[in-house]
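Each remark here refers to the structure printed beneath this line.
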Amino acid sequence: MFLSGSCRGYLAPEYAIRGQLTRKADIYSFGVLLLEIVSGRCNNNTRLPIEEQYLLEWVWELYERGELPELVDKTLEGDYDVDEACKFFKIGLLCTQDMAKIRPSMSEVVKMLTGEMHVDGAKISKPGLISELMGLKRKKDSSDLISGDSKKMGDSSLGSRDATCATMTFTSISARSD
């Protein structure tokens with residue numbers, strides 16, 4: 001499956017990897033969008049330092065360190081409720097869980113956003129991260145990045161053992177004639 005730069009990061013892991021569309025795939029995309037809104041930045045930006053390039057990964061990193069307020073949109077200039085902003089980040093993380101079955105339903109997301117339902121931080125686990133989806137690997141001791149989509153003709157940055165082959169079937173649905 002070819003993923004264009006415009007959709008990278010918005011696709012749920014089960015769809016991006018296996019082509020399996022679930023009822024909760026849109027929840028994942030909504031979670032990424034929510035993170036973009038609260039942070040004021042797009043989901044990937046190669047002009048940032050390597051550890052900050054992918055928004056979802058950076059949100060997860062700051063969540064683990066207890067530093068989510070650092071990521072709130074700087075154009076707000078401090079004119080926001082920190083707890084509310086962190087709540088929205090947590091909802092975004094819940095929506096982007098790696099496994100579809102543990103993501104909330106959209107009605108639950110709406111209830112969390114409006115305050116009708118408590119955001120359970122205990123349910124937050126590592127999201128489906130873009131580097132894992134796209135075959136990106138970081139070397140621990142350097143900022144070298146190997147990308148599955150940076151392969152050039154005759155020059156492969158990936159070994160043959162890292163390559164995969166996938167097939168996809170498309171079905172056309174049309175109205176039946178009576």
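The numbers here are math on the coordinates, done by the rules we state, and not lab data. Source: prediction; values computed, not measured. Here the Cβ positions follow ideal geometry from the backbone for every residue, glycine too, while neighbour counts run over all protein chains shown.
Numbers below:
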| item | result |
| --- | --- |
| Number of the condition not met by C86 [criteria: (1) crowded, with 16+ Cβ neighbours inside 10 Å; (2) closer than 19 Å to V110 by Cβ; (3) under 15 Å from the mean Cα position of the chain (by Cα)] | (3) |
| Every pair of residues 6+ apart whose Cβ atoms lie under 7 Å, when the first sits in the range 63-76 and is hydrophobic (A, V, I, L, M, F, W, C) while the second is not in a helix (DSSP H, G or I) | V72/Y80 |
